[in-house]
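Report on the structure given below.
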Amino acid sequence: MESPGSARFDALLKRGELIESVSEMTPDYLRELKHTLIVSGDTELISAPAYYLAARKAPSVNAFMTGIAIIQDELAHAHIAYHILEELGESQEALIFKRDPKSFRYPYAFDVPLESWTELVVANAMYDQAGFCLLGDIHEQCSYGPWKRGLVKVMAEENFHLRNGRNWSKRISQAGGAAREELQRAVDWMFPLTVEWFGLPDSLKQHSAQLDYRLKGLTNDQLRQQWLGTVVPFMESIGIKVPAHRDGDGYVLDYPFPCTFDAEQKRWDFNDPCSWDAVMARWRARGPRNAEMVALFQESFSKFQVHA
Amino acid sequence: MNTAVEPLSRRVWSALREIEDPEMPINLVDLGLVYGVEVGERTVRIELTFTAMGCPATEMIMEDIRARLLSEPGIDEVRIDIVWDPPWSSSRLSLEGRETLLAWGLSV
């Protein structure tokens, strides 16, 4: 089939029309769409083992059920992205089960172990909020029809995760004492990890094919501000300190961005600013839990293959 | 029936109608989770069920009910009794609730 003309395709995008099939796409658009879907699918998928390893520490049967339900949602959301990738010509099996752990494209934050119920609910309040900002933007702006429509229910379910995170964070903060100190410690290392989740600042990112192709609508800094605009007031409302404050219409960070992070100690050094090249190198090397989490869903795959 | 408590009972039902299920865009009454409301002297007893025993939102729903009803004048105590008999099924949805869920993409 003849590849669609680029000028005609650009005009289609500019008119705000939805793309519905591969035959309408330019090769560049297809490549960028696949890349965006892989990041989304990988992020949802890896959150399942990351959350599971912490949900085991749930303080009640009911809380464990809520944790497990959230994990089930995340797997379903991953499935939506991989299913679309399959329709675009990729192999779901190869993407999930036959990739090297280091080649998964999820945010670095998930590589740092969540080790308690407190850390899990902070992840629900902050990581899921980041996912909510990113997916909400895709849901509103995305030029690829099947994905845009698939996200309607994803957004509704993410709301449930946020609520679990916020309810429990509030409850733990109200409990005071050691419980509240543990919550503050979790926020201390997880907050800056989520801030960097949104990627390079706009001043360093000159061009975004995702924006050109309307795969998303907001820039990294706009999304980061949206996240800060929900998380900072919430944490302040429950008496938890965060290293950012409101200034005029937006939020500013109270520490050098980026700076160095010790993943083993889960500790930021706000006195040691670093370059974005150093951050990228840390991301590429992946963090402590990468291989263990990927093994959790890959290890049994080959056992049950029927060989002809 | 004591006419003095009748308005309270009506207020309880309409307050329950304001509470949305945490997972679906439908209120608890239209979803059919409320089996009964009994109003006493400044107390309310609710008979409540869930769509499944494994419902992950039971605590959230009960927290919402307590918070909402305790904000209602004349109520100092809320007791929630969870019942599984008769089991919930989609036939318990109100007509309005059924239309909402259909529009949201659930087959009911």
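The values are calculated or read from the model by the stated rules, or taken from the named source; none is laboratory data. All figures in this text were calculated on a predicted structure; none of them were measured in a lab. Every residue, glycine as well, gets a Cβ built from its backbone with ideal geometry; the counts of neighbours run over all protein chains shown.
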Please determine whether any residue of segment A:171-183 is modelled with pLDDT of 95 or more, in a helix (DSSP H, G or I) and either within 14 Å of another protein chain (Cβ to nearest Cβ) or under 30 Å from A:Leu18 (Cβ atoms) (or both). yes
Counted residues, segment A:84-119 - those being in a loop (DSSP other than H, G, I, E, B), in contact (Cβ under 8 Å) with a residue 40 or more places away in the chain and either among the hydroxyl-bearing types (Ser, Thr, Tyr) or touching a strand residue (DSSP E or B) at 6+ places or on another chain (Cβ under 7 Å) (or both): 2
Within segment A:120-154, track down each residue that is hydrophobic (A, V, I, L, M, F, W, C) and either in contact with a strand residue (DSSP E or B) (Cβ under 8 Å, 6 or more places away or on another chain) or closer than 30 Å to A:Ser173 by Cα (or both). A:Leu120, A:Val121, A:Val122, A:Ala123, A:Ala125, A:Met126, A:Ala130, A:Phe132, A:Cys133, A:Leu134, A:Leu135, A:Val154
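So that you can scan it fast, the table gives a plain yes or no per residue for (1) out of contact with any helix residue (DSSP H, G or I) (no Cβ under 8 Å at 6 or more places or on another chain); (2) of a type in the set (Gly, Ala, Ser):
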| position | (1), (2) |
| --- | --- |
| A:Pro101 | no, no |
| A:Pro113 | no, no |
| A:Thr118 | no, no |
| A:Asn124 | no, no |
| A:Gly136 | no, yes |
| A:Gln141 | yes, no |
Within segment A:77-93, how many residues are among the charged types (D, E, K, R) and surrounded by 15 or more Cβ atoms within 10 Å (Cβ to Cβ)? 1
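Residues checked against (1) buried (at least 16 other Cβ atoms within 10 Å of the Cβ); (2) within 17 Å of the chain's Cα centre (by Cα); (3) closer than 20 Å to A:Gly199 by Cβ:
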{"site": "A:Ser23", "(1), (2), (3)": "no, no, no"}
{"site": "A:His35", "(1), (2), (3)": "no, yes, yes"}
{"site": "A:Ala50", "(1), (2), (3)": "yes, yes, yes"}
{"site": "A:Leu53", "(1), (2), (3)": "yes, no, no"}
{"site": "A:Val61", "(1), (2), (3)": "no, no, no"}
For segment A:88-107, name all the residues that are more than 19 Å from the chain's Cα centre (by Cα) and of a type in the set (Gly, Ala, Ser). A:Gly89, A:Ser91, A:Ala94
Going by what's in this entry, would A:Glu196 be described as in contact (Cβ under 8 Å) with a residue 24 or more places away in the chain and of a type in the set (Asp, Glu)? yes
How many of the residues in segment A:138-154 are assigned to a helix (DSSP H, G or I), buried (at least 21 other Cβ atoms within 10 Å of the Cβ) and away from chain B (no Cβ under 14 Å)? 2
Hey, A:Phe257 in contact (Cβ under 8 Å) with a residue 12 or more places away in the chain and touching a Phe, Trp or Tyr at 6+ places or on another chain (Cβ under 6 Å) or not: no
Check on A:Val306, loosely packed, with under 12 Cβ neighbours inside 10 Å and either β-branched (Val, Ile, Thr) or on the phi > 0 side of the Ramachandran plot (or both): yes
Residue check, A:Asp10 touching a residue at least 12 places away in the same chain (Cβ under 8 Å), more than 30 Å from A:Asn124 (Cβ to Cβ) and part of a helix (DSSP H, G or I): no
Please find, among A:Ala58, A:Ala81, the residue that is of a type in the set (A, V, I, L, M, F, W, C), touching a helix residue (DSSP H, G or I) at 6+ places or on another chain (Cβ under 7 Å) and part of a loop (DSSP other than H, G, I, E, B). A:Ala58
Pick out the one residue from B:Arg92, B:Arg79 that is among the charged types (D, E, K, R), under 27 Å from A:Asn167 (Cα atoms), within 16 Å of the chain's Cα centre (by Cα) and at pLDDT 95 or above. B:Arg79
Which number in (1) within 27 Å of A:Ile68 (Cα to Cα); (2) touching a residue at least 60 places away in the same chain (Cβ under 8 Å); (3) under 13 Å from the mean Cα position of the chain (by Cα) marks the one condition that B:Val12 misses? (1)
Residue identified as over 28 Å from A:Ile19 (Cα atoms) and touching a Lys or Arg at 6+ places or on another chain (Cβ under 8 Å) among A:Asp137, A:Asp111, A:Asp100: A:Asp111
From the list A:Gln210, A:Gln298, exactly one residue is buried (at least 17 other Cβ atoms within 10 Å of the Cβ), under 22 Å from the mean Cα position of the chain (by Cα) and at pLDDT below 95. Which is it? A:Gln210
How many of the residues in segment A:46-101 are more than 19 Å from A:Asp128 (Cα to Cα), hydrophobic (A, V, I, L, M, F, W, C) and within 14 Å of chain B (Cβ to nearest Cβ)? 1
Specify the residue that is nearest to the other protein chains (Cβ to nearest Cβ); the eligible residues are those in segment A:184-206 that are of a type in the set (Asp, Glu) and part of a helix (DSSP H, G or I). A:Asp188
Exactly one condition in (1) surrounded by fewer than 16 Cβ atoms within 10 Å (Cβ to Cβ); (2) out of contact with any helix residue (DSSP H, G or I) (no Cβ under 7 Å at 6 or more places or on another chain); (3) modelled with pLDDT under 95 is false for A:His245; which is it? (3)
